[in-house]
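The structure under discussion appears below in the form of structure tokens.
The values are calculated or read from the model by the stated rules, or taken from the named source; none is laboratory data. As the structure is a prediction and not an experimental result, all values here were calculated from the model. Ideal geometry is used to build each Cβ from the backbone, glycine not excepted, and the neighbour counts take in all protein chains shown. Only protein heavy atoms, including side chains, enter the accessible area calculation; ligands, DNA and RNA are left aside. Shrake-Rupley method; radii C 1.70, N 1.55, O 1.52, S 1.80 Å.
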Amino acid sequence: MAKNIIEVKNADLTLGEAAASVHVLKGVSLTVEAGESIGIVGPSGSGKSTLLMVLAGLERLDGGEIHIDGTPLHRLNEDRVADFRGRNIGIVFQSFHLIPNMTALENVAVPLELANVRNAFEIARQELVAVGLGERLTHYPGQLSGGEQQRVAIARALAPSPKLLIADEPTGNLDAETGRQIADLLFSEQRERGMTLVLVTHDAALAARCGRQVRVRSGEIVSDAETQPLSASVRQGAASA
């Protein structure tokens, strides 16, 4: 029986203050088994990206509990959460978040060095080769296409060998073909490494590639179901679109 890598119980979070406050998460509960792929979907402002940031330990709950791989993040201080995140959670953002004056190799290696990982630059090189950028190690972000920058970001997220990979609109800044290639990369790496993948997306086709889809509306989970396989005719129509 697979164990749960994510357990969220009655998560409650309000952002902002006084008249500007927004009740973003309202008693959300969610469990995810190790090795699953989950697509979190919903309209803008529904709370789905905030839920993702809670899972990453980048937003702290006002109430409720969150356990990642058995560790109670809601009980840890910021330093301990950051340490746990660096060792166990990889994060990919829509806008890449690369350091512009560092090469692709440095962007992947420096976070490893800061975490005192041995052979940081060799690990970074291996990860960049794995995502198809073996010939672009010394290029700066401004010299790379959007798809290449996202591959660097994925390599950086994968370098610590995380148990959980979190992606916030990973194809949102890319054209359709490049976005498909990045999605292919994410899912292939997830399968090969046995990681858990949780992503937020507005792209119905990307969400449909996940094993489960969790729909969020007005700060609450309104549905949570296994993704139904597409019929051959639907797959053909999507491929030709």
- In this structure, is T138 open to solvent by 10 Å² or more (accessible area, probe 1.4 Å), modelled with pLDDT under 95 and under 30 Å from N101 (Cα atoms)? no
- For residues that are within 23 Å of V200 (Cβ to Cβ), part of a loop (DSSP other than H, G, I, E, B) and among the charged types (D, E, K, R), tally how many sit in region 131-188. 3
- Query: What residue, among those in region 103-129 that are hydrophobic (A, V, I, L, M, F, W, C) and modelled with pLDDT under 95, is nearest to the chain's Cα centre (by Cα)?
  - Reply: L112
- So is N88 over 20 Å from K26 (Cβ atoms), free of Cβ contacts under 8 Å to residues at least 40 places away in the same chain and not aromatic (F, W, Y) or not? no
- Looking only at region 126-135, count how many residues are open to solvent by less than 50 Å² (accessible area, probe 1.4 Å), free of Cβ contacts under 8 Å to residues at least 40 places away in the same chain and either under 18 Å from T178 (Cβ atoms) or out of contact with any helix residue (DSSP H, G or I) (no Cβ under 7 Å at 6 or more places or on another chain) (or both). 2
- Query: Scanning region 3-21 for residues that are within 18 Å of I221 (Cα to Cα) and of a type in the set (D, E), which turns out surrounded by the fewest Cβ atoms within 10 Å (Cβ to Cβ)?
  - Reply: D12
- Message: Cβ contacts < 9 Å: first residue free of Cβ contacts under 8 Å to residues at least 24 places away in the same chain and closer than 15 Å to G39 by Cα, restricted to region 172-194; second residue open to solvent by 40 Å² or more (accessible area, probe 1.4 Å) and assigned to a helix (DSSP H, G or I), any location; separation 6+ or different chain. Result?
- Response: none
- Message: Looking only at region 193-207, filter to residues that are outside any strand (DSSP E or B) and buried (at least 18 other Cβ atoms within 10 Å of the Cβ); which one of those is farthest from the chain's Cα centre (by Cα)?
- Response: D203
- Message: Quick test of your reading of the structure: G86 fulfils all but one of (1) more than 29 Å from D175 (Cα to Cα); (2) surrounded by 16 or more Cβ atoms within 10 Å (Cβ to Cβ); (3) over 16 Å from the mean Cα position of the chain (by Cα). Name the failing condition by number.
- Response: (3)
- Considering region 208-227 alone, what residues qualify as being open to solvent by 50 Å² or more (accessible area, probe 1.4 Å) and outside any strand (DSSP E or B)? R209, S218
- Task: Kindly indicate which of V24, V41 is open to solvent by 10 Å² or more (accessible area, probe 1.4 Å), of a type in the set (A, V, I, L, M), in contact with a Gly (Cβ under 9 Å, 6 or more places away or on another chain) and in contact (Cβ under 8 Å) with a residue 12 or more places away in the chain.
- Result: V24
